[in-house]
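This report refers to the structure that appears directly beneath it.
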Amino acid sequence: MSGPAYLDWNATTPLRPEAAAAMAETLAHTGNPSSVHRAGREAKKLLDQARARVAERVRVAPAYVTFTGGGTEANHLALRGLPERRLIVSMIEHDSVLAAEPDAARLPVTPDGVADLDSLDRILTADPRPALVSLMLANNETGAIQPVAEAARIAHRHGALLHCDAVQAFGKITFNYSELGADLMTVSGHKIGGPMGVGALIASPDLPIQALQTGGGQERGRRAGTENLPGIVGFGTAANRAEPDDGRIAALRDRTERRLVAVAPDAHIHGGSVRRLPNTTCISMPGVAAATQVMALDLAGVMVSAGSACSSGKVKRSHVLDAMGVPSALAESAIRISLGWSTTEADIDRLVEAWGALYARTRSRAA
Ligand code: PLP
C-alpha cells in the first residue's frame with residue numbers, strides 16, 4: 001500500500017528540496033545583511049537575489065518587495081499601514097484580513113463565491129472618503145478566482161486603492177501585479193514550496209506605508225528587524241522554481257470531482273461553476289459533519305481539511321460558505337481537498353475509496 005495521501009496543499013505545501021538546500025547553506029553563513037563588512041555584504045547579496053526572484057514572479061522591480069513574517073503579517077501591513085483610509089474587505093477574505101480591521105465595510109459575494117462588483121461600486125459611491133479595498137485573488141476554501149482587475153478599475157475610478165491577497169493564487173496560476181492593477185499585493189512562502197513564516201508585501205516604493213514595527217531601517221523602513229535570511233532565501237528559491245499548473249493538476253482535480261460525485265451522488269461542490277484554482281475542491285457530503293469526514297479520511301491515511309482549519313486545530317464554521325448563503329447543514333458537511341505537484345492518481349484512489357466507504361456506511365445506517 002502506498003504512503004499517506006496529503007491532500008491539504010492549501011494549508012501548506014511540502015518544502016521544495018532546492019529551497020531546503022539553499023536554506024541549509026544560508027544557515028551555515030554568518031553575516032547580517034545590514035553589516036558593511038564582507039560577511040554582511042554576502043548576506044545582503046543573498047537577500048537581494050531572493051528579492052529579485054520574488055519580484056520576477058509578479059513582474060515588478062525588486063524595490064516593490066517588502067519581506068515579512070508571512071502572509072498574515074503582509075496583510076496587516078497592507079491594511080494597517082495606510083491608516084487614513086477607510087477599509088472595504090470582501091466577506092470571503094482570509095481571517096488575517098478580516099481581523100485586521102473588524103469595523104471594515106464588507107463586500108458581499110454571489111452564491112458561487114465571487115465578489116459582487118456592483119455592490120463595490122455602490123459602497124464606494126455612498127462614502128467618498130479615501131478608501132482601501134481588499135479582495136483576494138483566489139479563495140483558500142473554494143478556490144474561486146476573484147475579479148481583481150475589474151475591482152481595481154472600479155476602486156481607482158473612485159480614487160480608492162486596492163489590496164490583493166494573492167497567497168493562494170501565487171505559484172498556482174499565472175498573473176502579474178500590473179495586469180491585476182492592484183496597488184498592494186500579499187504573497188506567502190509556504191504555499192509555494194518555501195518555508196513557513198516568510199511572506200512579502202508587494203507595493204510601489206512611493207506608497208506612504210507606515211511600518212507596523214519600527215526601530216531598524218530594514219526593508220526600506222517598512223519592516224524593522226533583522227531579516228530572516230534563511231527563510232527569505234528559501235522563499236526566493238521556491239518562487240524561482242514555482243511553476244503554475246500546466247493542466248495536469250486541473251485534470252486530476254476534475255477527475256477527482258467526477259469520481260467523488262459518482263460514489264456520493266448527492267454530494268455538492270461549492271463554487272463548482274466558476275473559474276477556480278486548478279487544485280482546489282470544496283465538497284459537501286450532506287448529513288455527515290466535516291469533522292467526521294476529516295477523521296475518517298485521516299484514519300484511512302488521507303489528509304484533507306474541514307473548510308478552514310483554525311490555529312487551534314478545531315473545525316469552525318466557514319465564514320466563506322456563510323457569505324455564499326450556503327445552508328448551514330450543507331456548510332457544516334463541507335471539506336476542502338487541495339492537490340499539488342506531487343499528488344498522484346494513487347492518492348486520489350485512496351481518497352475516493354475512503355470517502356465512498358464512509359458515504360456507504362452513513363447511508364446504510366440511515367436506511
Ligand atoms: N491569505 C490566505 C488566502 C491564506 O490562505 C493564508 C494562509 O492560509 C494567509 C493569507 C496567511 O498566510 P501565512 O500562513 O503565511 O500567514
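Expressed as a whole percent, the proportion of Cα-Cα pairs in the range 122-250 lying more than 22 Å apart is 45%. Beta bridges assigned by DSSP with both partners in the chain are antiparallel in approximately 55 percent of cases.
Counting residues in the range 129-183 as N, plug N into 2.2 N^0.38 Å and put the Cα Rg over that result.
Details: Rg = 11.1 Å, N = 55, 2.2 N^0.38 = 10.1 Å.
The reported ratio for this selection is 1.10.
Heavy-atom accessible area for Arg53, with the other protein chains in place and a 1.4 Å probe, reaches approximately 70 Å².
Counting lysine pairs in the chain whose alpha carbons fall under 30 angstrom apart, excluding pairs fewer than 8 residues apart on the same chain, gives 9. The dipole here belongs to the chain: it is taken about the Cα centre, uses +1 on the Cβ of Lys and Arg and -1 on the Cβ of Asp and Glu, and is about 360 debye.
Output the 0 to 90 degree angle, nearest 10, between the alpha-carbon long axis of helix 229-241 and the longest principal axis computed from the alpha carbons of the chain. Helix 229-241 sits roughly 60 degrees off the main axis of the chain. Counting only alpha carbon atoms, the long axis of helix 117-126 and the longest principal axis of the chain meet at about 50°.
Largest mean-square fluctuation among His37, His158, His94, in a Gaussian network model of the chain whose springs join Cα atoms under 10 Å apart, belongs to His37.
Report the residues of the range 207-244 in range of a label on Leu27: point 7 Å along Cα→C-beta, backbone N strictly under 11 Å from it. Within reach of a label on Leu27: 230-231.
Relative to the longest principal axis of the Cα atoms of the chain, helix 17-27 runs at roughly 40 degrees. Highest mobility in the GNM of the chain, judged by mean-square fluctuation with C-alpha springs under 10 Å and restricted to Leu299, Leu260, Leu107, is found for Leu299. Here the accessible area is traced with a 1.4 Å probe on the protein chains. For the chain, carbon and sulfur cover 54 percent of it. Spread over its residues, the convex hull of the C-alpha atoms of the chain is 134 Å³ per residue.
The values are calculated or read from the model by the stated rules, or taken from the named source; none is laboratory data. Everything quoted here is computed from the prediction, not taken from an experiment. All Cβ positions, even for glycine, are placed from backbone atoms using ideal geometry, and neighbour counts span all protein chains on display. SASA here: full protein model, heavy atoms, side chains in, ligands and nucleic acids out. Shrake-Rupley method; radii C 1.70, N 1.55, O 1.52, S 1.80 Å.
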